[in-house]
Structure formats: structure tokens, C-alpha cells
Amino acid sequence: MNNSISLQIGIDWADQKHDYCLCPFQPEPGQVQAKNESGIVSSSPEKLHEWIMQVRQRFPDGVIEVCVELSRGALINALREYDFIRIYPLNPISSNRFRECLYPSLTKDDVKDASLLLTILQKHREHLRVLTAGQRDSCLLEGLVQARRKYVNQRTALVQQLTTNLKEYYPQALGMVGDLSERMSRRFLKKWPSWDELSRVREHTLRKFYYANQSRSEARIEARLNLHRNSRPLSNNETTIELGRMQTIMLVEQLETLDKIIHEYSRKIEPLYRSHEKSTVINSLPGAGKIMGPRLICAMEGNLPACRNAAELSSYSGIAPLRQKSGNSSRISKRFRRPKFLHQTFIEWAQCSIKYSSWAKAFYDHRRHSLGHDHWAVVRALAFKWIRILYKCWEDNTAYNEENYIQTLKRRGSKLAELI
């Protein structure tokens, strides 16, 4: 296909229709500016694909560039079907700021917004990122890990609701079980969803339940049985107890369903991760197990080669600190505007690595306990170091070796090597 650009389009998307503004591409700045053409296309699949083919008939050669304020959704899925379309997703904050510069009165119009997107594409294309197509398996893996994380977040929210509910009518349950996201805890609450039902149970039955659910620590079991012997109900109000009991049963059922969904996503992710050409490299990294490993692969594949080096990847992900200078003042802060899932991936991986990497633990302990830095500030600094290591391993297709890295720190006279 001819890679020369033939047409540029700005699209202001909406639920029912999309406003567009298009203009033939003019590589020479001295040429007379062609007239922009505006219009509206329905968001229905039939009308949308019909419009794309009509545009292609008018401009049969070269690449068609499209600037739009989103990176996923129905419109993006439709545009991705055509290899002659190059998509430039734009952060809505950028277009809003650009609109405010030109229209301080904050006037807003869909046709004008489409024209502004086209102007940004024409004048500032070097600041925009191309939405890469990616291979089928990579796109599937990315979708699966993001969906799995979303359901894990939902499970966390349900556990918090369940904890709050139990504190209001049945606080003994929190001491009789472990983490409420665990299966044993849910089985316990399904059998005894109120103190009245639990208080009638014999100690032998409780001990048998714990053994059957792989909780065999004698000290822990004895502490729980002690709580069972010496507790009394928080409230004897039947209405409070019945409402709390029903809420507990409902939340436990939702947690059971979410667990099955999360397990199914994990089952789909595992073979895609194992078969990936970079899985050996990722597996060698401390803390990058079956959960974080697939997310790191998606983080790298989704942002390379747009991020040409580790510094760009650190900045784009929001891990690198942000320096703000004005006159004689200079301030360093964290980045608040960043791709949330990408940022979260590197932060969580860095936190996991503390348990498995000797230098990462030494780095964290020194910054946290000796220098008194905030926990998340230290984790971000650690993630900044890990991104450089990950980028190099990925680029060279070389497995990470902890011992080699520590020896390199010693050769360079790093203070970190002295702390290990």
C-alpha cells in the first residue's frame, strides 16, 4: 500500500452520530490551503462503514489519517477494520485546552470540535501517538488482563461492603475467619450468617470446619474458638439482624460469582502468556508471576515503538517525576495525568519485586526506614529503576539476572550495592 498521506480527518464522536471535518493532505506549507469539508455520519455500523468506503472512493490512494478523542470504543473498532486508516487518539484534556485558547468564552460546538481536531492533526501531528494495530493474540491478551483487573477491583469493593455490613450486626465473624475474599470465609458466612446461628454451634464442629478448609494452625484455631466462647451479640434487634443477614448472603453470592469469572479470565490468559515470545524474559523478572507477567507484556507491546527509550516510557506511564520550573522556583512532583492501567501495572510490579529481589528490598528499606520517605514515593522510585531494566531486557531479548545486576552496581560504585 502507498504510505503517502492523502487525507486528514478530525472526528468528534458521540453516541448517536459523529461530526467530522476533512481536508486533503498538503505536504508543502506554502501551498494554498484546501477548503475543509464538514458533515455528519450516523454511528450505526452500516452507515459508518458505508461512509468510510465513500471517503476511500474519493481518495483511493495513500493513507487516511484520523484524529479522534478516544482510544477504544465502537468508532475505533470500526476504523481499525481498514489498513489504510491511521488513527491518532487524542486526550480530551488536550483538545479542551486547545479550544479554550481559541475560544475563551468556552463556546462549544460539535462541528467546531471536529475542525479543532483536524487542526491539531495538521499542525501538531509530531506530538500525537499513532494507535498501533497489534497482533490478534496481543490485543486479546491486553483485553483479558484489563478485564480481569476490573473484576478484581469489583471484588475488592464487595469485600469492603461485606466488612462494613458485618461490623454493623455481626463483628465476631471478622475474627472467626481470615481474608473475606478467601473461599473459606465465604463458606463460613454461608453456613453461619449471623451470631445467633454461630452461637449454637459446638467447638468440635468449628474445629472440624477449619481443618476441612485447610486452616490448621492450632494457635489461630484456638484464638477463634476463644472468641466464640467469650463473645456476646452486638444487638438483639431482629430487624437489624435480619437485614444484615440478608445483605451478607447477597454479597457472598456475588463474591462467589466474581471468583468464577476471575478464574475463567486467568485460565484464558495463561496459555496466551506462555506462548508469547517474550514470556521467558518476563518470567525472569522478580515479582512478575502469572498475574503481573501478562500485564508487563501488554505494557511493553502496547507502547513500543511509540516510546523510543526507557525514559519516554517512564514519562508516559507517569512513573518519572515531573519538574515544574517558573522563574527562580523549581518543584518536583508526581504525574497526576497518566494512563491509569499502565501506571498501576508498573507500580504493582515494583511493590511485588520487594519480596523477591534483594537489591529492591535494600532500596525500599533504606528510603522508607532510614530516610523516612512515603511508601508510594519509594515504590515509584523503584518502578523507575525497574522500567530501565525491563526495557533493556526486552530490547535485547535477554533474561534478567539478579546476580549480574548486583555485580554491575558494585563495579560502578553504587551506594545501593553497599546496602545489600
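The values are calculated or read from the model by the stated rules, or taken from the named source; none is laboratory data. Computed from a predicted model, the values in this text were never measured in an experiment. For neighbour counting, all protein chains shown are included, and Cβ atoms are generated from backbone atoms with ideal geometry for every residue, glycine included.
So here's what we get for this one:
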read-out	value
Flag if LEU141 is at pLDDT 90 or above, under 18 Å from the mean Cα position of the chain (by Cα) and of a type in the set (A, V, I, L, M)	yes
Hey, GLU277 over 17 Å from the mean Cα position of the chain (by Cα), at pLDDT 90 or above, among the acidic types (Asp, Glu) and in a loop (DSSP other than H, G, I, E, B) or not	yes
Hits in region 266-283 - residues which are under 14 Å from TYR391 (Cα atoms) and either out of contact with any helix residue (DSSP H, G or I) (no Cβ under 7 Å at 6 or more places or on another chain) or buried (at least 18 other Cβ atoms within 10 Å of the Cβ) (or both)	VAL281, ILE282
Residue within region 260-267 that is in the same structural domain as TRP359 (by TED's automatic domain parsing) and free of Cβ contacts under 8 Å to residues at least 60 places away in the same chain present	no
Options ASN226, ASN153; residue that is part of a helix (DSSP H, G or I) and more than 30 Å from ASN96 (Cβ to Cβ)	ASN226
Of residues in region 391-416 being in a helix (DSSP H, G or I) and touching a Leu at 6+ places or on another chain (Cβ under 7 Å), the one surrounded by the most Cβ atoms within 10 Å (Cβ to Cβ)	TYR391
Qualifying residue in region 242-255 (condition: over 18 Å from ARG148 (Cα atoms), outside any helix (DSSP H, G or I) and free of Cβ contacts under 8 Å to residues at least 12 places away in the same chain)	no
Residue identified as modelled with pLDDT under 90 and either buried (at least 19 other Cβ atoms within 10 Å of the Cβ) or over 29 Å from THR163 (Cα atoms) (or both) among GLY287, GLY327, GLY293	GLY327
Candidates ILE93, ILE120, ILE87, filtered to the one that is within 20 Å of the chain's Cα centre (by Cα), not assigned by TED's automatic domain parsing to the domain that holds LYS190 and not in a loop (DSSP other than H, G, I, E, B)	ILE93
GLN146 of a type outside the set (A, V, I, L, M, F, W, C), surrounded by fewer than 16 Cβ atoms within 10 Å (Cβ to Cβ) and part of a loop (DSSP other than H, G, I, E, B)	no
GLU301 being within 19 Å of the chain's Cα centre (by Cα), at pLDDT 95 or above and of a type in the set (D, E, K, R)	no
Residue within region 160-170 that is surrounded by fewer than 16 Cβ atoms within 10 Å (Cβ to Cβ), of a type in the set (Ser, Thr, Tyr), closer than 25 Å to THR257 by Cβ and without any contact (Cβ under 8 Å) to a residue 12 or more places away in the chain present	yes
Single residue of ALA306, ALA360 found to be of a type outside the set (Val, Ile, Thr) and assigned to a loop (DSSP other than H, G, I, E, B)	ALA306
Residue list for region 97-112, filter: over 20 Å from VAL130 (Cα atoms), out of contact with any Cys (no Cβ under 9 Å at 6 or more places or on another chain) and not basic (Lys, Arg)	GLU100, CYS101, LEU102, TYR103, PRO104, SER105, LEU106, THR107, ASP109, ASP110
Options ARG368, ARG380; residue that is buried (at least 19 other Cβ atoms within 10 Å of the Cβ), out of contact with any Ser or Thr (no Cβ under 7 Å at 6 or more places or on another chain) and more than 24 Å from GLU277 (Cα to Cα)	ARG380
Contacts under 8 angstrom Cβ, first residue in region 1-15 being touching a residue at least 12 places away in the same chain (Cβ under 8 Å), partner in a strand (DSSP E or B) and aromatic (Phe, Trp, Tyr), 6 or more apart	ILE9/TYR20; GLY10/TYR20; ILE11/TYR20; ASP12/TYR20
Test result for SER353, of a type in the set (Gly, Ala, Ser), buried (at least 17 other Cβ atoms within 10 Å of the Cβ) and touching a residue at least 60 places away in the same chain (Cβ under 8 Å)	yes
TYR169 being within 25 Å of THR345 (Cβ to Cβ) and of a type in the set (Phe, Trp, Tyr)	no
